[in-house]
Amino acid sequence: MDQKNITFTSNGLSLSGVLHHPGIPLPTVVIGSHGLLSTSNSPKQIALAKACNAHGIAFFRFDHRGCGKSEGVFKEVTSLEARCNDLISAIKTIQLRKDTGDRISLFGSSMGGAVCISAAAYFDIDSVVTFASPVRTADITESQAKSDDADSMDTTFHKKALQWDISDRLENLHHILIVHGDSDKIVPLSNAHEIYEKAGNPKKMIIQKNGDHRMSDKRHQEDFVVNAALWFQKCFAGTLEGST
């Protein structure tokens, strides 16, 4: 496995990422979009990158604007539209490279899932994997007040800069794996059910028993990585049919 640092621009901001390359000619690629308060160094993304490489799939993880090593002041540059622009720029950057193929799949965690669902409409995406993805921010805002995890969230900023409802984009989805914990206190499980019900085939939903928004259980993390990497591999190979 070879790791390459990549810098690219989105709306004039310099963004930083890492390409995990499996060392084969023109591999298929998964691009990851991290959650609201996370970075590309999320353990889920790093573990998933390694698992994808084992299947001969490249993985590109990057810091959205205002996060990690990328430019921008978080509260000034963060919005769903801005992050969609970042992901779109990341996809175009990978497509222009000479060491990767042109077939792309997406992985998004929490807000990153909403970003992937939104950006997928602009490209011929092979597949999508989401974890704890919110369809609409009204659900998050309502659940925050009841959550033990709410201390890490800025409600005022959330209401001002992060308002969306992507329910009208779900019917265009296909080849999607939806993973969600049934004890998620930030994004209600109903969001996963809505995505599954509206998305086209092939599709699959995995509900993690007693799973939280951070995927804290190591067994959940391990199972997720195995299932997500296998989903990407099967979708790229064209061996999936129907729904489960």
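The values are calculated or read from the model by the stated rules, or taken from the named source; none is laboratory data. What you are looking at is a predicted structure, and each value in this text was computed from that prediction instead of being measured. Virtual Cβ from ideal backbone geometry, glycine too; neighbours counted across all protein chains shown.
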Hey, Ser70 crowded, with 18+ Cβ neighbours inside 10 Å, among the hydroxyl-bearing types (Ser, Thr, Tyr) and in contact with a Leu (Cβ under 8 Å, 6 or more places away or on another chain) or not: yes
Filter result (under 13 Å from Lys50 (Cα atoms) and surrounded by fewer than 13 Cβ atoms within 10 Å (Cβ to Cβ)) within segment 214-225: Glu222
Counting only residues that are part of a helix (DSSP H, G or I) and touching a helix residue (DSSP H, G or I) at 6+ places or on another chain (Cβ under 6 Å), which one in segment 170-190 is modelled with the lowest pLDDT? Asn172
Any idea which residue in segment 18-35 is surrounded by the most Cβ atoms within 10 Å (Cβ to Cβ), counting only those that are within 11 Å of Thr100 (Cβ to Cβ) and more than 20 Å from the chain's Cα centre (by Cα)? Pro22
By residue number, the members of segment 69-110 that are more than 23 Å from Val187 (Cβ to Cβ), small (Gly, Ala, Ser) and in contact with a Lys or Arg (Cβ under 9 Å, 6 or more places away or on another chain) are Gly72
Here, strands (runs of 3 or more DSSP E) confined to segment 1-111 with at least 2 residues that are under 30 Å from Arg219 (Cβ atoms) and modelled with pLDDT of 95 or more are 13-21, 29-33, 58-62, 104-109
